[in-house]
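The structure appears below as structure tokens.
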Amino acid sequence: MLHPLTYEPIVRAALAEDLGRAGDITTDSIVPADAVATARVAARQDGRVAGLEVALSAFRILDPAAELRVEHGDGADVAPGATIATVTARARALLTAERTALNLLGRLSGIATATRALVREVEGTRARIVCTRKTTPGLRVLEKHAVRLGGGFNHRFGLDDAVLVKDNHIAVAGGIRPAVERVRAAIGHMVKVEVEVDTLAQLEELLTLPVDVVLLDNMDPPTLRRAVAMVDGRMVTEASGNVTLSTVRAIAEAGVDMISVGWLTHSAPNLDVGLDM
């Protein structure tokens, strides 16, 4: 569960963006201030719910007396037409918060649903599906939460909680060895170190260095199998690049520990959800 301190500033900013300088001039013109109504948050397609408490907080922020009833909470699978939740509140609050709530719920449920599909494809293998830092600015904590609800796992949250030495770092440092040596000299003993390699020759050099995780970038399944055999359990193996629903099974069967997928958080389609008064 996410703590309200984590998501309420995001929701408040989204509402402020929508309300602008003059508020909801359409709703405020049409709906009496004291009118109360009930609305149903409904799924329009099959999917997995994520970010419901975040979405519902939009109504509660505008009407602290709002009554919320959850039918299918975070992590639940829903069919088209299913009632996810009902909200009884001031009608103005329902109509004003509607788009903010649905934007958040659709976005996060879409990520969870896409993650669910990949996780199902790799069942029976050792591979875990993990996300990346390719997230919507300002929404990373929510999007990574959605990945977990879809059955996936999180990669690092930011630049400060783990080391990932990529090809550009290696180019600037003048090679893998000097890059790793400089990192190890600078970081604390609790920090994990991951290094990206593009070839088996680079991997062979990496195996002589104090590294925790290797990122095997854009390797086909036969090459991945050779890489996993070379590593032989000495470090965690992560595959990335060209991961789709049609390719992920073959990548997983190569024996890697992790499969990182950027499109889960930058291109997953929204789950279609609606608000019925």
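The values are calculated or read from the model by the stated rules, or taken from the named source; none is laboratory data. Because the structure is predicted, anything quoted here is derived from the model rather than measured. Counting neighbours? That spans all protein chains shown, and the Cβs are built from the backbone with ideal geometry, glycine included. For the accessible areas, the whole protein counts, side chains as well, though only heavy atoms, and no ligand, DNA or RNA atoms are used. Shrake-Rupley method; radii C 1.70, N 1.55, O 1.52, S 1.80 Å.
Just a few scattered comments:
- When 155, 145, 169 are screened for being surrounded by 15 or more Cβ atoms within 10 Å (Cβ to Cβ), over 16 Å from residue 259 (Cβ atoms) and touching a residue at least 60 places away in the same chain (Cβ under 8 Å), only 145 passes.
- The listed residue being over 16 Å from residue 125 (Cα atoms) and not in a loop (DSSP other than H, G, I, E, B), out of 230, 219: 230
- Pairing each residue of region 8-22 that is without any contact (Cβ under 8 Å) to a residue 12 or more places away in the chain with any residue that is part of a helix (DSSP H, G or I) and among the β-branched types (Val, Ile, Thr), provided the two are 6+ apart or on different chains, yields C-beta distances under 9 Å for 17/100.
- Candidate set from region 52-111 (those that are assigned to a helix (DSSP H, G or I) and free of Cβ contacts under 8 Å to residues at least 40 places away in the same chain); member that is least open to solvent (accessible area, probe 1.4 Å): 93
- Sole exception among (1) modelled with pLDDT under 95; (2) farther than 28 Å from residue 116 by Cα for residue 242, by number: (2)
- Look at (1) more than 18 Å from residue 257 (Cβ to Cβ); (2) more than 27 Å from the chain's Cα centre (by Cα); (3) not in a helix (DSSP H, G or I) and you find that residue 191 fails only one, number (2).
- In region 225-234, residue nearest to residue 213 (Cα to Cα) [restricted to those that are open to solvent by 20 Å² or more (accessible area, probe 1.4 Å) and in contact with a helix residue (DSSP H, G or I) (Cβ under 8 Å, 6 or more places away or on another chain)]: 230
- Some residue of region 25-45 being in contact with a Lys or Arg (Cβ under 8 Å, 6 or more places away or on another chain), part of a loop (DSSP other than H, G, I, E, B) and in contact (Cβ under 8 Å) with a residue 60 or more places away in the chain: yes
- Breaking point among (1) surrounded by fewer than 21 Cβ atoms within 10 Å (Cβ to Cβ); (2) within 27 Å of residue 43 (Cβ to Cβ), for residue 133: (2)
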